[in-house]
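Below is one structure, written out as structure tokens; comments come after it.
Laboratory data are not the source of any read-out in this text; all were calculated from the coordinates shown. The structure displayed is predicted, hence computed values, not measured ones. Cβ coordinates were reconstructed from backbone atoms using ideal geometry, including for glycine residues, and neighbour counts include every protein chain displayed.
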Amino acid sequence: MLSVSGPEKFYYLRNFHDLRCKYARVLSVIRQQMNREPQAGEAYIMMSKDRRTVRLYSYDKRSCRLYEQRFDKDYTFMKVSCEDGREVFSISWDDVVVLLGSPVVKTLMIK
């Protein structure tokens, strides 16, 4: 399981799936497209379109950190949704734990 310490607020970026991007591009997307300024104590979560990879960008006063968790081909992460359709929405630490620790089985192999 992904181990994160420090961030107090977690934000899920619903429509950002390009995981080829690194720090500068993610910062640019958060600032320009999402109209947010990353601050100390915030973490931004994004998921690949196939829901097999999750990345978490964490910010503090001095640095930016990247965490990644990837499942094998038979598992995916849960689909995250929001009722009002916002691009960025806040999620609780409990929801982050459930998201990262509860793989969804795509295929059940019976022998």
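Structural remarks
- Beta bridges per DSSP, both residues in segment 1-76: antiparallel share near 75 percent.
- Volume in Å³ per residue [convex hull over Cα atoms, computed for segment 36-101]: 97
- Per-residue ³J(HN,Hα) for segment 46-62, Karplus 6.51 cos²θ - 1.76 cosθ + 1.60, θ = phi - 60°, Hz, x for Gly and Pro: 9, 10, 5, 4, 7, 6, 9, 10, 10, 10, 10, 9, 10, 10, 9, 5, 10
- Point-to-point label distance, GLN33-CYS82, nm (Cα→Cβ direction, 7 Å offset): 1.4
- Amide H contacts of PHE89 (H built 1.01 Å from N, under 5 Å, at least 5 apart or other chain): TYR12, ARG14
- Kirkwood-Stokes translational diffusion coefficient of segment 1-82, alpha-carbon pairs, 10 °C, 1.306 mPa s, µm²/s: 120
- Table column - 3J(HN,Hα) (Hz), segment 32-37, Karplus curve with 6.51, -1.76, 1.60, x for Gly and Pro: 8, 8, 9, 6, 10, 10
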